[in-house]
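To start, the structure itself, in structure tokens.
The values are calculated or read from the model by the stated rules, or taken from the named source; none is laboratory data. As the structure is a prediction and not an experimental result, all values here were calculated from the model. Because the Cβ atoms are built from the backbone with ideal geometry, glycine has one as well, and the counts that use them run over all protein chains shown. These accessible areas exclude ligands, DNA and RNA; they are computed on the full protein's heavy atoms, side chains included. Shrake-Rupley method; radii C 1.70, N 1.55, O 1.52, S 1.80 Å.
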Amino acid sequence: GVRRDGAYHPARRRLPLLALHSGKRPRRDGGAALWQPSSRAPATPLDPRLGERDPHELLRRFLAPVEAKVFLRSCWASMAVATHGPPSRMRPLIRDFMHDLSIPALLEETPSERVHAWVRRPQAAATDDGGPAPLESVTVDAEAALGLARAGAALYFRAPEELENLLVPGLCRALGLAFAGRYPGDGRPRGEIETFIAGRGHVTGWHTDFQHNFSIQLRGSKVWRFKRGPVLHNLRALTPHYNSRSAYEQQMKLHLLSDPSSPDFRPPEAFFEDAEEVTLTAGAVLYHPAGIWHQVECNSDDSVSINVSLSAATWAELVGDGLRQLLWASPALRAPIVGVAGGLARTRAAVEAMLADVRRRAAMLTAEDLLPPAMLEEPGLPSRVNVATSRLGSALLLRPGDRFSFSRLAVMVELPLGHSQADDGTTFASSQSEASDDGEAADHGSSGDAGQSSRDDRGAVGAGPQRIYALHVNFGNEEVASWLRVRVTTPWPLVSAMTWLQNRHLACRRAEEDAAAALSGVRASDGLGAFTARELLAAAKSQRSITGGGHMPAGSGGARAAVQWARVARLLRVFCHCGYLHKLPSKARGARAN
């Protein structure tokens, strides 16, 4: 609550010791769902532009006075955290991004095609267990939404995109989500910001969310109540407060799959009697994790808040996509299911044989396949790499005798984007012909593209004829969307090396499938198509000058060899960093070479 003098005091309901604890760290007492530090956040402005400039400072201001490392270690995904501060700290957000909380202006700018309005009919009956009558959600256009709001309905719609594009990626980065903070394929941030507008007496009944949320109270006040949720890391929400059962079965089948502490879609009212409670006023920030039961009541005439919802990728998604991609390599598993009606015993026998193949392929999948170093890069995944100038993987020490294998989840595709053609029909792309519309995600980062010059300056690094490839890693999902996609620009002296790699990769895949068909077995420890850097160097040396597109540097044979090794080593480092290749451990002295 808030006294008339504006001073904050603990919430009126008797809370567990954790919620009243005034120290810097929450104390776990087993069942607590809420932590309220007694000290207040400073008046430091909560400026959304920090999402671009300094994401870690943005998170620090969101959580103040709680330290980010304490929050991540003790509170994330386990309990709600409410921090209180002066309303003035929200001024940059309200003035520069939220139209000074003008409802007509916010409705005009929302990216939502339709606005959700929550209404509760006066004649609606309460639930059987004594809870309030369920809400009815209707979707309307902005003009109708404004009229419903004036009649007392609560509104729910997307916040301005400019705000979303700053806060969602910024918080994902500060929380260390890396690749898990963006969708595969198009690279969209995995989150959004909703605006909530409600009046006094509006109650959103008990429910859980599947996202992790940061709610910011901009005007008015709300009372939030919490109880520990029934599932850790839930996949879907439980929404008994809606007067709709369209999602009931989907929510319940995933709920029951997840070993819940309670199988109820909504526990009885008695379960919530000892709920922990906090009142948020303007200037407060509340983190509430996925899966926690919560109820929200507006206790002011005009409440406006925003909710930053984050839905990070799960390990099941990452591993599941990788496994499905491996299964797609099998002709038997790619085959459509036909002719099975009436043949139960025969079909089951065939499936048992396929399951043995599934287990063999799953055993070959490695953490290196799933998580190349580029997947964990900040501020974002590399999307463009020029091998002539890139420094990706520069810390990796290489020698000509080092051994490498191909990732089982990587595919290299040559892009037909060139504008010039050699006498033998080979197509190149010039340093100025890199189109941006090449099939999948927009760019979120780059490496080594700077410093390219025109084709008239073919002595410059990165200039002259080039080939462009798209490296895809882990795309075993319904949309065939890649978790990592890097557009690789390769200078002409490495074209033969690239051709050798692609041919070697395809030959090794074919040999592995032939071995599987012959039931001869392939050891996962062998890697896929092991080769040495020296072999790739020999392939690069076979490159001849094409269309006058360059020349080997003058000098002694040793100098030319050093330059070519430097190019090949850079190519290997880039591909190890981006997940096309794995560097294998050195063999013991005297061991037979592969």
- Query: In vacuo Debye scattering of region 271-410, one point per C-alpha: log10 I(q)/I(0) at q = 0.09, 0.12, 0.14 Å⁻¹?
  - Reply: -0.65, -0.85, -0.92
- Rounded to whole Hz, the Karplus (6.51, -1.76, 1.60) HN-Hα couplings of region 75-84, x for glycine and proline: 10, 3, 6, 10, 7, 7, 10, 10, 10, 10
- Roughly how many percent of the accessible protein surface of region 224-326 is carbon and sulfur, given a 1.4 Å probe and a whole-percent answer? 52 percent
- What's the local net charge at Arg89, with K and R +1, D and E -1, over the other residues with C-beta under 11 Å away? +2
- Query: Of all the accessible heavy-atom surface of region 78-123, with the other protein chains kept in place and a 1.4 Å probe, what percent is carbon and sulfur?
  - Reply: 49 percent
- Task: Could you pull out every residue, at least 5 positions away or on a different chain, whose amide H is within less than 5 Å of the one on Gly229? Hs are placed 1.01 Å off N in the peptide plane, and Pro or chain starts have none.
- Result: Trp293
- Charge dipole of region 60-115 about the Cα centre (unit charges at C-beta), most positive-ward option of Val66, Leu101, Gly85: Val66
- Task: Could you check the simple spin-label distance between Ser88 and Val340, using points 7 Å along Cα→Cβ, in nm with one decimal?
- Result: 6.8 nm
- Message: Please report the carbon-and-sulfur percent of the accessible area for region 333-411; probe 1.4 Å, protein heavy atoms only, DNA, RNA and ligands left out.
- Response: 65 percent
- Task: May I have the extent of the alpha carbons of region 265-343 along their three principal axes, as whole Å values ordered from largest to smallest?
- Result: 64, 31, 22
- 14 Å beta-carbon shell around Ala312, net charge (K/R +1, D/E -1): +1
- Query: Per-residue HN-Hα couplings for region 100-116, Karplus 6.51 cos²θ - 1.76 cosθ + 1.60 at θ = phi - 60°, whole Hz, x for Gly and Pro?
  - Reply: 6, 6, 6, 4, x, 5, 5, 5, 5, 9, 4, x, 5, 5, 10, 9, 8
- Long-range HN-HN contacts of Ser482 with modeled amide H, under 5 Å: Gly185
- Query: Which of Lys69/Lys227; Lys69/Lys253; Lys69/Lys583 have a Cα-Cα distance over 29 Å?
  - Reply: Lys69/Lys253; Lys69/Lys583
- Task: Please list the non-local residues whose amide H lies under 5 Å from the amide H of Leu581, H modeled 1.01 Å from N, same-chain partners needing a gap of 5 or more.
- Result: Ser407, Cys576
- Solvent exposure of region 240-313 as accessible area per residue, Å², 1.4 Å probe: 41 Å²
- Mind giving me the FRET efficiency for Asp301 and Lys69? R0 is 35 Å, r the Cβ-Cβ distance, nearest 0.05 is fine. 0.35
- Message: Explain nothing, just the number: dipole magnitude of region 173-216 about its Cα centre with +1 on each Lys and Arg Cβ and -1 on each Asp and Glu Cβ, in debye rounded to the nearest 20.
- Response: 120 debye
- Query: HN-Hα J couplings of region 373-378 from phi, Karplus 6.51/-1.76/1.60, θ = phi - 60°, integer Hz, Gly and Pro as x?
  - Reply: x, 4, 5, 9, 6, 10
- Given R₀ = 56 Å, FRET efficiency for Arg200-Ala562 by Cβ-Cβ distance, to 0.05? 0.15
- Task: Could you work out the local net charge near Met498, counting Lys and Arg as +1, Asp and Glu as -1, over the other residues with Cβ closer than 12 Å to its Cβ?
- Result: +2
- Message: Test of understanding: what is the full-extension gain from Glu273 to Glu161, defined as 0.36 nm times their sequence separation minus their Cα-Cα distance?
- Response: 36.4 nm
